[in-house]
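Below you'll find the structure, written out as structure tokens, and then a few comments.
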2 protein chains.
Amino acid sequence: MPGPGTVGDFSERELVARIRRHLPPAPDWVLVGIGDDAAVVEPERNRVEVLSVDAIVEGVHFDRAFVPPDAIGHRALAVNLSDLAAMGAAPRLALLSLALPPALPLPDFDAIASGFAALATRHQLHVAGGNLTRSPGPLMIDVTVMGTVKRRQALTRRGARPGDDLYVSGTIGAAAAGLRLLQERRTHAVTEDTLTSASPVSRVAAGSEMERCIQRYLRPEPRLRMGMLLARNRAAGACMDLSDGLADAVHQMAEASGVGVSIDAAALPIDPCARELFDARGLDAVTEALSAGDDYELLLASRPRTRRGLTAAVRHGDVPLTRIGRCTEDRLVTLHRTAKGSIDAVPLPQGYSHFR
Amino acid sequence: MPGPGTVGDFSERELVARIRRHLPPAPDWVLVGIGDDAAVVEPERNRVEVLSVDAIVEGVHFDRAFVPPDAIGHRALAVNLSDLAAMGAAPRLALLSLALPPALPLPDFDAIASGFAALATRHQLHVAGGNLTRSPGPLMIDVTVMGTVKRRQALTRRGARPGDDLYVSGTIGAAAAGLRLLQERRTHAVTEDTLTSASPVSRVAAGSEMERCIQRYLRPEPRLRMGMLLARNRAAGACMDLSDGLADAVHQMAEASGVGVSIDAAALPIDPCARELFDARGLDAVTEALSAGDDYELLLASRPRTRRGLTAAVRHGDVPLTRIGRCTEDRLVTLHRTAKGSIDAVPLPQGYSHFR
């Protein structure tokens, strides 16, 4: 009996129909939905629109060898929703553009669609349209999202002022640690048998704490609820997400806002599973966590006088905030660490850059 | 002296700055522009929004061996604007997502941006944001466009009714002929010398008529003005573009509208340069023109009683419309051709399919 086949066995129309099975019916503000030249939607009253596009590319942003297809679909949308979260916007619609190698197995295609649709549905995001094309190379998923926010409540990177406190949501380093574990498992091809051996890989990789790091990499949770609460409570003067790591985000916010930043290394909320892995590998946890990508947490600057709004956001939110430093008048971006009893101030390392 | 280098020598930020040089300043409805996590825009009053995404992929939709980089940038946007034209929408904004092989020469990158920006500027389309990533495979350009239209004026595929006349804008087959010429030139590596020889390739390829076909392929003109005039004059019951060829469009409109269609082969506005090439290659011009992709003309159905609005659209428009057939009560999609003095009715061939 032949297997379910690959996407190359199907027409574009059949593949679109398979995606639609995962999607709920269109809301009434969608006047023309999937299947025409374009979607037609009614704009939301008294809100401004927040638009972002982000792509994930096989071999650059994920490896099909250890990222399951539903996680690929999840991640493709999560990285975009994280941008909406950073602006304080409520998600509204998405457009999904897929470039598919014809040899992609049909069950993988279905799982990508299902992972994408599950996250969209959970955040009341409507998939209004998309595009399917063949790829002669890697699998690529390009997602456009639109959200909405009240006009004066949109959060930007440029609103930080000297004296603001800097906070980060959740924990950092977990996704990078998870990715490292997945890569190591792949390299060492750890089996049930070798898991019981004494190699450092298997000892660290076996714990359920480590499994949590892996999930943080595979299925990041965009901080939409926190972003919306910060916007509504006017509790953040500036906000952005950590797609390229905390150090990169701090540098970008400092530059966009025209302030300096002083970060306290001891205050960084490094995820315990990440700390355990970095320690086991003999790596400096602070350095690793600062440059670690893929966390999709939020960095925000908050005036001390809006502390009440911030407290309320944390109380009604689903993720903690940790104060990690302060914005300064001078334009220096420094990291303060305690070494041998004394506190050293060093320039904060630069972050990750895509092309170089 | 080292050359200008490749995109792999630059950071994402530097490349974004190079793109921005080609773009005019943001209009006042853009509240947050390029450089933040997302763009923030004010929606247009009393209009609904038309959204579409389309990708072009190296090796699938274009070949860098014979499509110059500015034409790649132009085409990436043109295929999207054509979707807006088909809905009767006025372009408003675009998001540009590029997946770039690091070895892409910097001048090619600049030319892609310049070809894209020139077409955007000509149609008052604002580039509100985008994404840049590395591609380990082909160059891919994913473009999202948003346009606007008055609520009851959006043109869809599903409004054709029995008795409607079917029209197509401009001419068909030219882009396919142009692509064929470019491919033949590449295969035969026609040089100045062999151009004067008697090979069928060079004889046909030398004329300026042929150059026009090539331009139609390289730099298609989205029929935005005609689409907007048809919408404003309520002169089209249904409309769509011909991205995958006329036969495919006719089938899709017939199915979406629940009508049959009868096409008159003799009426098809086959471009003279395409007819010349197809004749020279011993191909049936009607068959070729029906399945030819890349024309980006409009197919529309119009009630005979809205003839006045249609005439006005043609008078104020920049492209002719040709009546090619009629919508029928029965659900058959037929092509009528005169063969040996008698008229044969045959099923209209199916169009192009991306994946099979």
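Residue by residue, here is whether (1) under 27 Å from A:Asp37 (Cβ atoms); (2) buried (at least 21 other Cβ atoms within 10 Å of the Cβ); (3) touching a His at 6+ places or on another chain (Cβ under 8 Å) holds:
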position	(1), (2), (3)
B:Glu12	no, no, yes
B:Ile19	yes, yes, no
B:Val32	no, yes, no
B:Asp37	no, yes, no
B:Arg45	yes, no, no
B:Gly73	yes, yes, no
B:Asn80	yes, yes, no
B:Pro105	no, no, no
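Taken across the range A:328-351, residues that are within 14 Å of chain B (Cβ to nearest Cβ), farther than 17 Å from A:Gly170 by Cα and surrounded by 18 or more Cβ atoms within 10 Å (Cβ to Cβ) do occur, with at least one present.
Remark: pairs (first residue in the range B:2-13, over 20 Å from B:Gly137 (Cβ atoms) and more than 8 Å from chain A (Cβ to nearest Cβ); second residue in a helix (DSSP H, G or I) and hydrophobic (A, V, I, L, M, F, W, C); Cβ separation under 8 Å; 6+ apart in sequence or on different chains) = B:Pro4/B:Leu106; B:Gly5/B:Leu106. For the subset of the range B:110-136 comprising residues that are part of a helix (DSSP H, G or I) and β-branched (Val, Ile, Thr), which member is surrounded by the fewest Cβ atoms within 10 Å (Cβ to Cβ)? It comes out as B:Thr121. Out of the residues in the range A:211-236 that are buried (at least 24 other Cβ atoms within 10 Å of the Cβ) and among the small types (Gly, Ala, Ser), which is farthest from the chain's Cα centre (by Cα)? The qualifying residue farthest from the chain's Cα centre (by Cα) is A:Ala235.
Answer yes or no: is there a residue in the range A:13-23 that is assigned to a loop (DSSP other than H, G, I, E, B), in the same structural domain as A:Thr144 (by TED's automatic domain parsing) and farther than 30 Å from A:Ala175 by Cα. Yes, the range A:13-23 contains a residue that is assigned to a loop (DSSP other than H, G, I, E, B), in the same structural domain as A:Thr144 (by TED's automatic domain parsing) and farther than 30 Å from A:Ala175 by Cα.
Within the range A:33-52, being in a strand (DSSP E or B) and either closer than 19 Å to A:Thr121 by Cα or in contact with a helix residue (DSSP H, G or I) (Cβ under 6 Å, 6 or more places away or on another chain) (or both) holds for A:Ile34, A:Ala39, A:Val41, A:Val48, A:Val50, A:Leu51, A:Ser52. Screening the candidates A:Leu139, A:Leu98, A:Leu132 for the property of being closer than 25 Å to B:Pro136 by Cα, over 21 Å from the mean Cα position of the chain (by Cα) and not acidic (Asp, Glu) yields one hit, A:Leu132. Screening A:Asp83 against (1) outside any helix (DSSP H, G or I); (2) facing another protein chain (nearest Cβ under 8 Å); (3) within 19 Å of A:Asp241 (Cα to Cα) leaves a single unmet condition, (1). Out of all the residues in the range A:64-73, is one or more among the charged types (D, E, K, R), away from chain B (no Cβ under 11 Å) and not in a helix (DSSP H, G or I)? Yes, the range A:64-73 contains at least one residue that is among the charged types (D, E, K, R), away from chain B (no Cβ under 11 Å) and not in a helix (DSSP H, G or I).
If I ask for residues that are more than 8 Å from chain A (Cβ to nearest Cβ) and either surrounded by fewer than 21 Cβ atoms within 10 Å (Cβ to Cβ) or of a type in the set (Lys, Arg) (or both), which ones from the range B:48-63 would you list? Within the range B:48-63, B:Asp63 is the sole residue that qualifies.
The values are calculated or read from the model by the stated rules, or taken from the named source; none is laboratory data. Note that the coordinates shown come from a computational prediction; the quantities given were computed from them, not determined experimentally. For neighbour counting, all protein chains shown are included, and Cβ atoms are generated from backbone atoms with ideal geometry for every residue, glycine included.
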